[in-house]
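Below: the structure, in structure tokens.
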Amino acid sequence: MKALITGATSGIGREMAKILATRGVDLIIASRDEQRMRHIAKRLPVAVRTIAVDLSKAEDCYRLYDAVKAEEIDILINNAGFGAYVPLETELNMLDLNVRAVQILTKLFLADFRKRGSGRILNVASSAGFLAGPLMSGYYATKGYVLRLSEAISEELRQEGAHPHCEVT
């Protein structure tokens, strides 16, 4: 079994990598920080491939997909993201990472999983996806998008009668 985790160098992503590794799942981790990825990879008891990408750039999302599409990825965890009260330019970068990257990677891998009849996607949102966020409205909106995208795709799969091993949460 193999999982691709974005944003696995800290926080929830790093913990997911540790949990999956203890269950014997080989990993591909993607992040901008090569040094941190190598540091994490050394400490995990499974095969770990690292890919340095900036997922706030659409071309890097496609480059990541192209780099791994020949491998049989069983689990995609879209975890990369950030949130803060930031200037407009940084907020636009946040939108690209928190929304656009999730959209691109979800749709690319979902198409593969549908063809194969198996695969799981975990899009990491936040309780912020359920709320309005004064002073962090952009972040809260991105997490609402991720939440609703995941719910909608999950419902599409249910209506299609998709194989129980092809799901988005």
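The values are calculated or read from the model by the stated rules, or taken from the named source; none is laboratory data. Quick caveat, the model's predicted, so the values are computed rather than measured. Methodologically, a virtual Cβ is constructed for each residue, glycine included, from the backbone with ideal geometry; neighbour enumeration extends over all protein chains shown. Please note that ligands, DNA and RNA were not included when accessible areas were found on the heavy atoms of the full protein model with its side chains. Shrake-Rupley method; radii C 1.70, N 1.55, O 1.52, S 1.80 Å.
Total lysine pairs in the chain at Cα distances under 13 Å, for residues eight or more apart or on different chains: 5.
In a fully extended conformation the segment linking ARG63 and ALA152 would gain 29.4 nm over its present Cα-Cα distance, using 0.36 nm per residue. Pull out a ≥ b ≥ c, the square roots of the eigenvalues of the alpha-carbon gyration tensor of segment 43-145, then state rounded if a/c is under 1.5, prolate if not and a/b is larger than b/c, and oblate in the remaining case. Since a/c reaches 1.5 and a/b is larger than b/c, the shape of segment 43-145 is classed as prolate.
Given a 1.4 Å probe and every protein chain left where it sits, what share in percent of the accessible area of the chain is carbon and sulfur?
Values: 4660 of 8790 Å².
So the carbon and sulfur contribution to the accessible surface is 53 percent.
For the pair ASP33 and SER118, the difference between a 0.36 nm per residue extended length and the Cα-Cα distance amounts to 27.6 nm.
The residues neighbouring SER31, those whose beta-carbon lies less than 14 Å from its own, together hold a net charge of +3 under the Lys/Arg +1, Asp/Glu -1 convention. In this rough spin-label picture, where each label sits 7 Å from Cα along the Cβ direction, the MET1-LEU92 distance is 4.2 nm. Structural descriptor for segment 26-93: relative contact order 27 percent, calculated from alpha carbon pairs under 8 angstrom and at least 6 residues apart. Relative contact order for the chain: 19 percent, from Cα pairs under 8 Å spaced at least 6 residues apart, divided by residue count.
When the chain is fully extended, how far beyond the present Cα-Cα distance does ARG49 get from GLU160, taking 0.36 nm per residue of separation? Before the final figure, lay out each step's value.
Values: separation 111, 0.36 × 111 = 39.96 nm, distance 3.37 nm.
The ARG49-GLU160 span can extend by a further 36.6 nm.
Placing a label point 7 Å from the Cα of ALA132 along the Cα-to-Cβ direction, the residues of segment 79-115 whose backbone N falls under 20 Å of that point are 84-86.
Around ILE75, under 9 Å between beta carbons, what's the net of Lys plus Arg minus Asp minus Glu among the other residues?
Neighbourhood net charge equals +1.
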